[in-house]
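Q: I am attaching a structure below and will ask some questions about it afterwards.
The values are calculated or read from the model by the stated rules, or taken from the named source; none is laboratory data. These figures come from a predicted structure and were not determined experimentally. Every residue, glycine among them, receives a Cβ derived from its backbone with ideal geometry; neighbour counts consider all protein chains shown. These area figures cover heavy atoms from the full protein model, side chains too; ligands, DNA and RNA do not enter into them. Shrake-Rupley method; radii C 1.70, N 1.55, O 1.52, S 1.80 Å.
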Amino acid sequence: MSDKLYKVNSLSSGAGIIVTYKCSAACLHCCYSSSPRRSGAYMSRQTADKIFPLLKKTGCRSVHIGGGEPFMNFDKLLDVCKSALENKVAIDYIETNASWYTDNKTVSDKLKKLLSVGVDCLLISIDPFHNEFIPYVKIKNLIDCCRKNNMGTFLWQARFESIIEYFDENTTHSLEEYENIFGGDFVKKIAESYSLGYNGRAIKILEKINRNRYSPDYFLRGDNNSCKSRITSLGHFHVDPDENLIPPSCNGFRAGIFDLCINGLDNQKYINFMSVVNNGLEELFDRARTLGFVPDINGYVSKCALCFDIKKYICEEEIKRTGNEPADIGPAGFFDL
């Protein structure tokens, strides 16, 4: 393995700030495995005051706020937004599933506070995956309340609205209900049209729509083995409450953003991350085998599914051995599907 440090000197605008992994929903397509079971840990003002200056210094001058569900703790969400404003980092939008909508007065008060700290747009999720947990009426009411308070909105993704309107808006609806109406391949179709990255809980979708399984060797030979471009990609990276940068295509891996941008990642503290950077997934697989990892005899639906299984094992073994998660794999809740 190379002794050269991996360091990033510049970051592009548009990064995501994961303020919490806890969510009011547990959507099947969630690549972060967010759910009500996840820790309620939320990004602190102190952490935000460290992250935003670093982002700005490295060239990232705008972010979006996501999760989890950011509105799980409004006071802390407001603190993060204040920090961004004071550090002159723009907030493009806040992602939300609208589950927090209660009544117009309460919501209007929150929207006004957000507007006062420079937030002028909410991205509101709308799709059959979210509709398993969020009644459509909450989304409609939130949109109407935003309009009345001059808060901008856009629906992600608006094209699903006509499908969701087919059902009773006052309650939730399972994916099975959608399949009963629109056909057994409904989940496959919407997943493909969503251009999903099948990681985290979304691996279950790929396992549902693709019956083929392959041995690890299939993914570890030739060009299949290389994941360097994915794990080092910064096109749509996120920063989580623990000051970790999450690569956009390799959820479950992480790197301390201050290590990454100031000191560089070394091959000891970040042994798993750097194994993939330097020598591909095969080296991580071999390392897991030395720790006792046994691949699923039924094989894997994708390289990411194999990698997920490897990371899960390494994370669990490190916790057993030391009581702590690995610096470069986790958080452990990511593997609790």
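Q: Under the Karplus relation 6.51 cos²θ - 1.76 cosθ + 1.60, θ = phi - 60°, what is the ordered set of whole-Hz ³J(HN,Hα) values for region 156-163, x standing for Gly and Pro?
A: My calculation for region 156-163 gives 10, 10, 4, 5, 7, 4, 5, 6 Hz in order.
Q: With bins 10 Å wide starting at 0, give me the P(r) of region 43-155 over every alpha carbon pair, in whole percents.
A: 14, 47, 29, 10, 0
Q: Based on the Cβ-Cβ distance from Asp120 to Ser44, what FRET efficiency comes out when R0 is 30 Å, to the nearest 0.05?
A: 0.80
Q: Pull up all non-local amide H partners of Phe133: gap of 5 or more, or a different chain, and H-to-H distance under 5 Å with H placed in the peptide plane.
A: Under 5 Å from the amide H of Phe133: His173.
Q: When only C-alpha pairs under 8 Å and at least 6 residues apart count, what is the relative contact order of region 113-253, in percent?
A: Relative contact order of region 113-253: 18 percent.
Q: Still on this model: Between Lys105 and Thr290, what FRET efficiency follows from the Cβ-Cβ distance if R0 is 41 Å, with the result rounded to 0.05?
A: It comes out at approximately 0.10.
Q: Separate question: Would you work out what percent of the accessible area of the chain, with all protein chains in place, is carbon or sulfur (probe 1.4 Å)?
A: Summing carbon and sulfur atoms, their accessible area is 47 percent of the total for the chain.
Q: OK, next. Got a sec? Which residues in region 229-245 would a label at Ala90 touch, if it sits 7 Å along Cα→Cβ and we count backbone N under 20 Å?
A: 235-239
Q: Tell me, rounded to the nearest percent, the portion of alpha carbon pairs in region 119-190 spaced more than 20 Å apart.
A: 30
Q: Answer with a single label: of [x] 23.8, 74; [y] 20.5, 60; [z] 21.4, 71, which was calculated as Rg and Dmax of the Cα atoms in Å from the structure in view?
A: Read-out from the structure maps to [y].
Q: Can you list the HN-Hα couplings for region 26-34, worked out from phi with the Karplus curve (6.51, -1.76, 1.60; θ = phi - 60°), rounded to whole Hz and with x for Gly and Pro?
A: 9, 4, 5, 8, 6, 7, 9, 6, 5
Q: Would you mind getting the accessible area per residue of region 1-135, heavy atoms of the protein chains only, 1.4 Å probe, in Å²?
A: Value for region 1-135: 40 Å² per residue.
Q: Top to bottom by accessible area (1.4 Å), largest first, where do Lys148, Lys7, Lys22 land?
A: Ranking Lys148, Lys7, Lys22 by accessible area, largest first, yields Lys148, Lys7, Lys22.
Q: Name the long-range amide H neighbours of Ala15: under 5 Å, sequence gap of 5 or more, or other chain; modelled H, no Pro or chain starts.
A: Under 5 Å from the amide H of Ala15: Ser62, His64.
Q: Looking at the chain, send over the antiparallel percent of its DSSP beta bridges, to the nearest 5.
A: 25
Q: Sticking with this one: Please work out, to two decimal places, the log10 of the ratio I(q)/I(0) at q = 0.12, 0.19, 0.25 Å⁻¹ from a Debye calculation in which every Cα of region 164-261 carries one identical scatterer.
A: -0.62, -1.04, -1.30
Q: OK, next. Could you work out [θ]222 nm for the chain from helices alone, using -39500 (n - 2.57) per DSSP H run of at least four and dividing by all its residues? Round to the nearest 500 deg cm²/dmol.
A: Using -39500 (n - 2.57) per qualifying helix, the result is -11000 deg cm²/dmol.
Q: Give the distance, in whole Å, between the Cα centre of region 265-292 and the Cα centre of region 55-80.
A: That distance is 31 Å.
Q: Continuing with the same structure: Please tell me the relative contact order of region 240-325 in percent, rounded to the nearest whole number, where contacts are Cα pairs under 8 Å and at least six residues apart.
A: 16
Q: For region 264-280, take each phi angle, set θ = phi - 60°, evaluate the Karplus expression 6.51 cos²θ - 1.76 cosθ + 1.60, and give the result in whole Hz per residue in order, putting x for glycine and proline.
A: Values, residue by residue: x, 8, 8, 7, 9, 4, 10, 4, 6, 4, 6, 4, 6, 4, 7, 9, x Hz.
Q: Moving to a separate point now. In terms of modelled amide H atoms, which long-range or inter-chain residues lie less than 5 Å from the amide H of Tyr93?
A: Those qualifying (amide H under 5 Å, at least 5 residues apart or on another chain) are Ile65.
Q: Relative contact order for the chain using alpha-carbon pairs under 8 Å, separation at least 6, rounded to a whole percent?
A: Computed value for the chain: 20 percent relative contact order.
Q: Using 20 Å as the cut-off for backbone N distance, which residues of region 96-111 belong to the label zone defined by a point 7 Å from the Cα of Trp156 along Cα→Cβ?
A: Only 96-101, 111 fall inside the zone, counting backbone N under 20 Å.
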